[in-house]
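Let me begin by presenting the structure, written as structure tokens, before commenting on it.
Readers should treat all values here as calculations from the given coordinates under stated rules, not as data from a laboratory. The model shown is predicted, which means the values in this text are computed figures rather than measured ones. So basically every Cβ, Gly included, is an ideal-geometry build from the backbone, and we count neighbours across all protein chains shown.
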Amino acid sequence: MADEPLIKVNNVSKKFCRDLKRSLWYGFQDIMSEATARKYEHQLRDDEFWSVNGVSFELRRGECLGLIGPNGAGKSTLLKILNGLIKPDRGRIEMRGRISALIELSAGFNAILTGRENIYSRGAVLGFTKAEIDKKLDAIIDFSELEDFIDTPVVNYSSGMKVRLGFAIAAQMEPDVLLLDEVLAVGDVGFRAKCFNSIYRMMENAAVVLVSHSMPQINRVCSDILVMDHGQPVFQGKDVPQGIDKFYSYFQGEEENVVMGNGKAIINDVKLESNGQKEATEIRYMDSMGVAITCKIAPTFSSVVFCVTIINQELQNVLQCYSSANSSEIANTGNLMTVTVRFNEVNLNPGRYALAINILSHNPNSLKGGEVLCKRYNCSPFRVVGDFFGYAPVQLCGDWEIVETAS
């Protein structure tokens, strides 16, 4: 059937031992249990832990599962189990069709062989004949953009070049199941864009599992999501934004309130306001928001420039507001004062954010101001809540109109 799952994972678990000697002894015991057809015990023994515990999901053609979680959550272990590199201790896995995996940057390459030779070697492992690889060779080399280095030993390739070649092979081999582990973390912007386009194309005829710590990548590509922590599935389903929000919840309290500048201004406090609520930490999507900055600036500066920047959980700047760009002159007397900027509608995607506050000297030749008097970075964390979640971090509010034309 066309909608039959290509990947079926049922209650899969895998345990490891922290102690090497015990691990070898446990391995011998397990082998003897299997050889003698005795019942295999799955309880944890001394120094053992579950790297993957009770994971179940199905993935069909045209679907992409984003596998995310903190470091040590068991993501790479699960991917290796899916690829047949590690045997699960319990559970069942069914995989249909041709499987291609990029689990490490080297992607199984032989370092002493050239890029061209590795294409044939990798293709053979995937089950292609030499004649089939011959037909795809030019397309693989062209996709990798490594024409000048294809006959160079892979040992001399950079990490980015290995990713290019590995992904080019996987993309051109048209697998039914594609397993990707952080392979898009290396490489320039242009090649990553090409990879995304290739993933979209492959998803039409393949089931894809993508492990990544880049939430924009996950949100852009994936149709399903599985969040893991300490081997356990803690969230799964098709609500990708909610899964990403669950992932970010593991990093609360790690914000750094960094203070920089030349010391000629001091930011005493930064508070958020929303719909009359002082010291707000949660703002509803499309509600108003105010930022109140209590500060003291050296009296030698008669006027200054304020800049409020909103940064996301990835520490990327998503919104910025300069007082000078809004024709707002901030006069200074040297006394303690509170400067407030208000935004009528917060059209940020639901998620976690923080602020960066800059106070700069006035510069008549630049709207961005002059020297940095004080900067507080990654302060006043807050959360935007709401039901709507778009693919871009900021949603524009526009007036739409329809003009009918005669047919």
What does the net charge come to around residue 342 if you take all other residues with beta carbon closer than 13 Å to its beta carbon, with K and R at +1 and D and E at -1? -2
Cα-based helix-to-principal-axis angle, 115-125 vs the chain, degrees rounded to 10: 60 degrees
Would you compute, from DSSP H runs of 4+ residues alone, the mean residue ellipticity of the chain at 222 nm, taking -39500 (n - 2.57) per run and dividing by the full residue count, rounded to the nearest 500? -7000 deg cm²/dmol
Assigning unit charges at the beta carbon (Lys, Arg +1; Asp, Glu -1) and nothing else, what dipole magnitude in debye, to the nearest 20, does the chain show about its Cα centre? 900 debye
Which of the lysines could be linked to residue 246 by a straight reach, that is with a Cα gap under 22 Å, when you skip same-chain ones fewer than 8 residues away? 75, 238
List the residues whose amide H sits under 5 Å from the amide H of residue 368, counting only those 5 or more places along or on another chain, with H placed 1.01 Å from N in the peptide plane. none
Between residue 321 and residue 23, what length comes free when the chain is fully extended (0.36 nm per residue of separation minus the Cα-Cα distance, one decimal in nm)? 101.6 nm
Percentage, to the nearest whole number, of Cα pairs in the range 258-385 over 19 Å apart: 46 percent
Hull surface over four for the Cα convex hull of the range 200-320, reported in nm², is 11.5 nm²
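Tell me, Kirkwood radius of the range 329-407 from alpha-carbon pair distances, in Å?
16.9 Å
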Can you work out the Karplus-derived ³J(HN,Hα) for every residue in the range 150-158? Use 6.51 cos²θ - 1.76 cosθ + 1.60 with θ = phi - 60°, whole Hz, and x for glycine or proline. 5, 9, 9, x, 5, 4, 8, 7, 7
Once you charge only the Cβ atoms, +1 for Lys and Arg and -1 for Asp and Glu, what is the size of the charge dipole of the range 167-228 about its Cα centre, to the nearest 20 debye? 220 debye
What angle, in degrees between 0 and 90 and rounded to the nearest 10, separates the Cα long axis of helix 159-172 from the longest principal axis of the Cα atoms of the chain? 60 degrees
Note down the magnitude of the dipole of the range 308-383 about its Cα centre, charges +1 on Lys and Arg C-beta and -1 on Asp and Glu C-beta and zero elsewhere, to the nearest 20 debye. 180 debye
Sorting 289, 312, 359 by the position of each Cα along the dipole of the range 258-385 (Lys, Arg +1; Asp, Glu -1; all at Cβ), the one nearest the positive end of that ordering is 359
Please check the chain for the longest run free of chymotrypsin sites (Phe, Trp or Tyr not before Pro) that are loop-located per DSSP (anything but H, G, I, E, B) and have at most 15 other Cβ atoms within 10 Å. 41-387
Report the net charge of residues surrounding residue 217, where surrounding means a beta-carbon distance below 10 angstrom and charges are Lys +1, Arg +1, Asp -1, Glu -1. +1
Checked against the positive end of the charge dipole of the range 258-385 (+1 on Cβ of Lys and Arg, -1 on Cβ of Asp and Glu, about the Cα centre), the farthest of 301, 369, 275 is 301
On the formula 1/(1 + (r/R0)^6), with r taken between the Cβ atoms of residue 111 and residue 387 and R0 of 56 Å, the FRET efficiency rounded to 0.05 is 0.65
When N counts the residues of the chain, how does its alpha-carbon radius of gyration compare numerically with 2.2 N^0.38 Å, as a ratio? 1.25
At a Cα cut-off below 14 Å, give the aspartates and glutamates reachable from residue 264, other chains included and same-chain residues fewer than 8 away excluded. 371
DSSP-defined antiparallel bridges as percent of all bridges, the range 7-251, nearest 5: 55 percent
Output wanted: per-residue J couplings in Hz (rounded whole) for the range 223-229, from phi through Karplus 6.51 cos²θ - 1.76 cosθ + 1.60, θ = phi - 60°, x for Gly and Pro. 9, 9, 9, 9, 9, 10, 8
Which order results if 195, 321 are arranged by neighbouring Cβ count within 10 Å, fewest first? 321, 195
With viscosity set to 1.002 mPa s at 20 °C, what whole-number translational diffusion coefficient in µm²/s follows for the range 70-166 from Stokes-Einstein and a Kirkwood radius over Cα pairs? 143 µm²/s
Positive end of the dipole of the range 7-251, charges at C-beta (+1 Lys, Arg; -1 Asp, Glu), about the Cα centre: which of 99, 193, 215 has its Cα farthest in that direction? 99
Which of 215, 228, 203 has the fewest Cβ neighbours within 10 Å, and the rest in rising order: 203, 215, 228
Assertion target for 405, 36, 340, ordered by fewest C-beta neighbours within 10 angstrom first, is 405, 36, 340
Cβ-Cβ cut-off under 11 Å around residue 96, Lys and Arg +1, Asp and Glu -1: the net charge is +1
Residue-wise HN-Hα coupling along the range 3-15, computed from phi with Karplus coefficients 6.51, -1.76, 1.60 (Hz; x: Gly, Pro): 9, 5, x, 8, 10, 10, 10, 10, 6, 7, 9, 8, 10
